[in-house]
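Trainee: I have a structure here, written as structure tokens, and I will follow up with some questions on it.
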Amino acid sequence: MRVRVVKCHACGGHKQLPSQTAYVYCDFCGALSDWDFAMACSQGNALPGPAYEALHRRLAPAIKQAEWQGDRATVKALYTQLFTEHIRLCPSSYSPRIVDGDYRVRYLDYYTDTMMIHDMDPRVAAWTQYMNQRIAELRQTQMMQGAVMSFGIFAVALGAQPQALQFPDQPFWAVYQAFRNQLATQMHAVEEAGSLAKYPDEVTRTLVERVGISAFVQGWLPYLSENMRGHLIRDAGLTDQYIDIQPPPLQLRRCGGCGSQLDVVTGARRVICFRCGKKIDVSAHEFPCPGCGAPSSVPAGSTDYACPYCSVRIQGTTAPTAGPR
Ligand SMILES: [Zn+2]
Ligand SMILES: [Zn+2]
Ligand SMILES: [Zn+2]
């Protein structure tokens with residue numbers, strides 16, 4: 001069985017089970033422990049489509065105006081409206097936990113905060129402006145190359161492959177460096193404002209930053225030289241490492257959120273249910289339902305939950321370490 005080589009930042013546990021998505025969750029504590037770049041690339045980028053683009057165009061001027069007026073509540077409300085729609089149309093762009101309503105609300109709270117910092121923090125804005133200048137310069141080289149290429153018409157007539165759009169290494173690297181500085185400044189501001197703590201998974205700033213870098217790299221990769229691709233992936237810390245291991249012994253649990261079967265590794269305390277997105281406490285015994293008798297494991301942080309099979313309330317108790325995450 002091929003699993004990702006990763007040690008959890010929260011509990012130190014080593015990954016034992018393969019991840020179904022690019023969001024790699026710890027098998028022992030349910031923290032978001034890593035980001036799988038190869039998996040992200042293989043799943044591609046979902047596009048939200050014209051209805052979302054139209055909504056974006058309609059809301060953009062109102063967002064700009066509210067930002068100009070310093071009306072943070074309106075900016076937040078408009079961004080929440082916009083990204084609620086994006087999540088609805090492209091759930092695969094987000095953590096598989098996004099199907100859980102509570103997770104979604106908290107993620108939107110975190111993400112709209114980061115967008116406001118992106119737009120309104122002058123330190124970030126300065127880097128954004130600098131990056132846009134580097135992108136303009138990169139475009140310029142492409143236009144020059146395009147002009148040269150038009151003289152190559154005879155080569156095309158002779159059956160040579162037309163050259164695909166490819167950006168030269170050096171000006172691209174300037175864009176990348178600017179982006180890294182912009183993102184680092186933004187993440188610093190997000191942490192400083194207390195917004196990173198709103199992230200609905202246990203994460204580190206480095207990990208969230210790496211997810212952002214991955215999106216940038218994925219977008220540019222098709223337009224870079226072979227040499228630059230490898231260099232970029234290494235510099236961005238997106239090299240993936242896997243190991244072949246024997247499948248570990250598994251215990252059967254039942255999700256208190258949706259009733260799905262959960263295969264958990266020995267020693268697991270909290271795990272993510274990838275069907276309903278909830279974090280489930282598996283540290284204690286399962287609770288038999290007073291209504292139907294079916295056992296299930298309590299959602300982390302709850303003391304009382306509805307039986308996933310018959311909806312009767314079950315009184316559960318979670319481990320003392322269980323927090324709201
Ligand atoms: Zn862990
Ligand atoms: Zn579930
Ligand atoms: Zn029941």
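Trainee: Got a number for residues in the stretch 20-49 being under 11 Å from Ile272 (Cβ atoms), in a loop (DSSP other than H, G, I, E, B), modelled with pLDDT of 95 or more and not hydrophobic (A, V, I, L, M, F, W, C)?
Mentor: Total meeting the criteria: 2.
Trainee: Look through the stretch 264-281, keep the residues that are surrounded by 15 or more Cβ atoms within 10 Å (Cβ to Cβ) and away from ligand 2 (no atom under 12 Å from the Cβ), and return whichever of them is farthest from Asp27 (Cα to Cα).
Mentor: Within the stretch 264-281, the first condition is being surrounded by 15 or more Cβ atoms within 10 Å (Cβ to Cβ), and the residues that meet it are 264-265, 268-281.
Checking which are away from ligand 2 (no atom under 12 Å from the Cβ) leaves us with 264-265, 268-270, 281.
On the way: Val264: 7, Val265: 7, Ala268: 6, Arg269: 9, Arg270: 8, Asp281: 12 Å.
The residue in question is Asp281.
Trainee: Exactly one of these conditions fails for Ala284: (1) in contact with a strand residue (DSSP E or B) (Cβ under 6 Å, 6 or more places away or on another chain); (2) outside the structural domain of Leu138 (by TED's automatic domain parsing). Give me its number.
Mentor: Result: Ala284 fails condition (1) only.
Trainee: Here's another thing I want to ask about it. Evaluate the following for Val208: is it out of contact with any helix residue (DSSP H, G or I) (no Cβ under 6 Å at 6 or more places or on another chain), assigned to a loop (DSSP other than H, G, I, E, B) and of a type in the set (A, V, I, L, M, F, W, C)? Full working, then the answer.
Mentor: Details: out of contact with any helix residue (DSSP H, G or I) (no Cβ under 6 Å at 6 or more places or on another chain): yes; assigned to a loop (DSSP other than H, G, I, E, B): no; of a type in the set (A, V, I, L, M, F, W, C): yes.
The answer is no for Val208.
Trainee: Among the residues of the stretch 95-105, which ones are crowded, with 18+ Cβ neighbours inside 10 Å and either modelled with pLDDT under 95 or assigned to a helix (DSSP H, G or I) (or both)? Break it down into steps so the answer makes sense when it comes.
Mentor: Our first condition is that a residue be crowded, with 18+ Cβ neighbours inside 10 Å; within the stretch 95-105, this holds for 95-100, 103-104.
Selection gives Pro96, Arg97, Ile98, Val99, Tyr103, Arg104.
Trainee: Can you tell me which residues in the stretch 1-20 are within 13 Å of ligand 1 (Cβ to nearest atom) and among the charged types (D, E, K, R)? Can you show your working first?
Mentor: Quick first cut of the stretch 1-20, residues within 13 Å of ligand 1 (Cβ to nearest atom) only: 6-17.
Hits for the stretch 1-20 are Lys7, Lys15.
Trainee: Being acidic (Asp, Glu) and either assigned by TED's automatic domain parsing to the domain that holds Gly219 or farther than 12 Å from Asp27 by Cβ (or both) is the filter; apply it to the stretch 230-263 and report the residue that is modelled with the lowest pLDDT.
Mentor: Applying the filter and picking the extreme gives Asp240.
Trainee: Additional query: Name every residue in the stretch 167-199 that is farther than 23 Å from Asp121 by Cα and buried (at least 19 other Cβ atoms within 10 Å of the Cβ), in order of residue number.
Mentor: Filtering the stretch 167-199 for residues farther than 23 Å from Asp121 by Cα gives 167-173.
Scanning the stretch 167-199 gives Phe167, Phe172.
Trainee: Would you check which residues across the stretch 294-313 are of a type in the set (S, T, N, Q), more than 8 Å from ligand 3 (Cβ to nearest atom) and part of a loop (DSSP other than H, G, I, E, B) and list them?
Mentor: Listed by number, the residues that qualify are Ser302, Thr303.
Trainee: Between residues in the stretch 192-214 that are outside the structural domain of Lys278 (by TED's automatic domain parsing) and residues that are part of a helix (DSSP H, G or I) and small (Gly, Ala, Ser), which pairs lie under 6 Å by C-beta distance while being six or more apart or on different chains?
Mentor: Partner pairs satisfying both residue conditions: Ser214/Ala40.
Trainee: Let me ask something additional. List the number of the failed condition for Trp173; all other conditions in (1) touching a Leu at 6+ places or on another chain (Cβ under 6 Å); (2) farther than 25 Å from Gln43 by Cα hold.
Mentor: So Trp173 meets the others, but not (1).
Trainee: Filter the stretch 69-84 down to residues that are surrounded by fewer than 17 Cβ atoms within 10 Å (Cβ to Cβ) and closer than 13 Å to Tyr111 by Cβ, then give me how many there are.
Mentor: Just the residues of the stretch 69-84 that are surrounded by fewer than 17 Cβ atoms within 10 Å (Cβ to Cβ), to begin with: 69-74, 77, 80-81, 84.
Going one step further and asking which of them are closer than 13 Å to Tyr111 by Cβ, we end up with 80-81, 84.
Number satisfying all stated conditions: 3.
Trainee: If we scan the stretch 243-253, do we find a residue that is within 30 Å of Arg139 (Cα to Cα), touching an Asp or Glu at 6+ places or on another chain (Cβ under 9 Å) and not in a loop (DSSP other than H, G, I, E, B)?
Mentor: Within the stretch 243-253, the first condition is being within 30 Å of Arg139 (Cα to Cα), and the residues that meet it are none.
So far as the stretch 243-253 goes, no, none of its residues is within 30 Å of Arg139 (Cα to Cα), touching an Asp or Glu at 6+ places or on another chain (Cβ under 9 Å) and not in a loop (DSSP other than H, G, I, E, B).
The values are calculated or read from the model by the stated rules, or taken from the named source; none is laboratory data. Quantities reported herein were computed from a predicted structural model and do not represent experimental measurements. Reconstructed Cβ throughout: ideal geometry from the backbone, glycine too, with neighbour counts over all protein chains shown.
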